[in-house]
1. Go through segment 36-94 and count every residue that is among the hydroxyl-bearing types (Ser, Thr, Tyr), within 30 Å of VAL104 (Cβ to Cβ) and surrounded by 14 or more Cβ atoms within 10 Å (Cβ to Cβ).
2. Condition test on GLY94, is it within 28 Å of GLN150 (Cβ to Cβ) and either under 14 Å from the mean Cα position of the chain (by Cα) or assigned to a helix (DSSP H, G or I) (or both)?
3. I need the full set of residues from segment 135-165 which are of a type in the set (S, T, N, Q) and modelled with pLDDT of 90 or more, in order please.
4. If you go through segment 41-75, how many residues are under 21 Å from ASP20 (Cβ atoms) and either within 17 Å of the chain's Cα centre (by Cα) or hydroxyl-bearing (Ser, Thr, Tyr) (or both)?
5. Given ASP42, ASP77, which one is at pLDDT below 90, in a helix (DSSP H, G or I) and either under 21 Å from PHE113 (Cα atoms) or touching a helix residue (DSSP H, G or I) at 6+ places or on another chain (Cβ under 9 Å) (or both)?
6. Cβ contacts < 8 Å: first residue over 20 Å from LEU44 (Cβ atoms), restricted to segment 110-135; second residue modelled with pLDDT of 85 or more and of a type in the set (Gly, Ala, Ser), any location; separation 6+ or different chain. Result?
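The values are calculated or read from the model by the stated rules, or taken from the named source; none is laboratory data. Here the structure is a predicted model, which means the values were calculated and not measured. Cβ placement follows ideal geometry from the backbone for every residue including glycine, while neighbour counts extend to all protein chains displayed.
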Amino acid sequence: MRRVDGPALPLRAPRVERADAVRNRQHLLATAREMLTEQGADTLTMDGLAERAGLGKGTVFRRFGTRAGIFQALLEDDERSFQDQVMSGPPPLGPGAAPLDRLVAYGQARFRFMLGHREIARAALDGKHPVPAGAETPLSRIHIRMLLGQMRLGDADLDILAVQLTAALDGPLLLYLSASDLTEAARQVEERVAQGWEDLVQRVCRP
């Protein structure tokens, strides 16, 4: 049985699809990941994906709509796995740890997720969504608000505090890190951002 504490985090309800459509989607996403590993995001195209997957171009266009739609689907797929870790994974990211420890772990894991998906998030930009972080992701705000409510923070406005802490995790900031920033000092960037989040949370949530 899965462990879950607090309110369910919102995920877009999956569409009911035919079995062949599900197989095609899984095959296309797996193929897209292979191409990303081999070639990087810049060279992945709708036509190239169709040819590599051995499917018609119409199938790819119906599935994703645009090139950005490919990356949005990849991001959403990984977002679901991330949320599952938060909801039922081992502590401190998952249930079972003190709320302050979970909040620190959540922010650090979220930063790692965004850093690891930076190129996919860039390619997912199509002008329709202001924040390229999956389909719909009030995940951070709701989860952070839940954890804040489990702490003794006096008369603090927890709703506003959750919004402000969520803003500190905002994905677009990471999109502006240059390739050289992450290539030359990726480990240092990750460590500094993770430490910065812990420092912020420790100061904000001090009783």
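1. Adding up the residues that qualify gives 1.
2. no
3. Those that are of a type in the set (S, T, N, Q) and modelled with pLDDT of 90 or more: GLN150, GLN164.
4. Number of matching residues: 5.
5. ASP42
6. So the pair list comes out as ARG110/SER140; PHE111/ALA194; ARG112/ALA194.
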